[in-house]
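The values are calculated or read from the model by the stated rules, or taken from the named source; none is laboratory data. Quantities reported herein were computed from a predicted structural model and do not represent experimental measurements. Neighbour counts are summed over all protein chains in view; Cβ atoms, including those assigned to glycine, are modelled from backbone coordinates with ideal geometry.
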Amino acid sequence: MTQRQIVILPNGQEIDAPIGVSKEEIKDKAIRNGLISADEFKTQEPTPTVEQEDSPLYKDIYNYVKSNMDLPLGLAGALQGAKVGGRLGPMGATVGGVAGGAFGTFGGSLASDVITDKEELDYNSAVDKALMSIGFDVATLGAWKVAKPAFVAAKKALGFTPKEIAEQITAIPNKDLKQVLLSL
């Protein structure tokens, strides 16, 4: 079976053609089958390609961060939220971190809209990104269940006693954030 390709004619129509067929053969067959006129082929000139200047890495990073302020502000919000929530213990730090991350992500998304001179602030996108932030945070809170055996093995290898390891583990909350939020 021969491999096939989709060819887009100058008038926008798509045709299926075998790979390796010359442009002239495709043109003749398209004209013969009435898909395009010979005049349309003549009036269409190939669009010249414009090479983009390769900018330095720091400019690429600047442009990326400018368009994605939800990332650094989400991280800053999570750290601040965990700091404030930490006054209520480990669960407070967890809930504060998740909430602070969501607020930071929301604000960062709107900040990107302002910095990049968008005509309107995209509140729908900001809410979507904030909810995505909450989703990732809630989904990864259960990662401790998987990491706990590796944590214990590493502590044993470093010479910690079972009692010291148990004290460190019990200082970490075992409930998932989802259960805490549902109980509120």
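Would you check if there is a residue in region 126-143 being out of contact with any Pro (no Cβ under 6 Å at 6 or more places or on another chain), within 30 Å of Pro162 (Cβ to Cβ), surrounded by 14 or more Cβ atoms within 10 Å (Cβ to Cβ) and at pLDDT below 90? If you could, list the steps in order and put the result at the bottom.
Start the filter on region 126-143 by keeping residues that are out of contact with any Pro (no Cβ under 6 Å at 6 or more places or on another chain), which leaves 126-143.
Adding the requirement that they be within 30 Å of Pro162 (Cβ to Cβ) leaves 140-143.
Filter again for surrounded by 14 or more Cβ atoms within 10 Å (Cβ to Cβ), leaving 141.
Going one step further and asking which of them are at pLDDT below 90, we end up with 141.
Looking for residues that are out of contact with any Pro (no Cβ under 6 Å at 6 or more places or on another chain), within 30 Å of Pro162 (Cβ to Cβ), surrounded by 14 or more Cβ atoms within 10 Å (Cβ to Cβ) and at pLDDT below 90, one finds at least one in region 126-143, hence yes.
Annotation for region 79-89: at least one member residue is under 30 Å from Pro162 (Cβ atoms), of a type in the set (A, V, I, L, M) and in a helix (DSSP H, G or I).
Is it the case that some residue within region 47-69 is surrounded by 12 or more Cβ atoms within 10 Å (Cβ to Cβ), at pLDDT 80 or above, β-branched (Val, Ile, Thr) and assigned by TED's automatic domain parsing to the domain that holds Asp113? Walk me through it before giving the result.
Here is the first cut: in region 47-69, the ones surrounded by 12 or more Cβ atoms within 10 Å (Cβ to Cβ) are 62-63, 65-69.
Filter again for at pLDDT 80 or above, leaving 62-63, 65-69.
Checking which are β-branched (Val, Ile, Thr) leaves us with 65.
Keeping just the survivors that are assigned by TED's automatic domain parsing to the domain that holds Asp113 gives 65.
Yes, because at least one residue in region 47-69 is surrounded by 12 or more Cβ atoms within 10 Å (Cβ to Cβ), at pLDDT 80 or above, β-branched (Val, Ile, Thr) and assigned by TED's automatic domain parsing to the domain that holds Asp113.
Picking from residues in region 76-111 that are among the polar types (S, T, N, Q) and buried (at least 19 other Cβ atoms within 10 Å of the Cβ), the one that is farthest from Asp137 (Cα to Cα) is Ser109. For first residues located in region 114-137 and in the same structural domain as Pro72 (by TED's automatic domain parsing) and part of a helix (DSSP H, G or I), partners that are of a type in the set (Phe, Trp, Tyr) and surrounded by 15 or more Cβ atoms within 10 Å (Cβ to Cβ) and lie 6+ apart or on another chain with Cβ distances below 9 Å form the pairs Tyr123/Phe106; Ala126/Phe106; Val127/Phe106; Lys129/Phe106; Ala130/Phe103; Ala130/Phe106; Ser133/Phe106.
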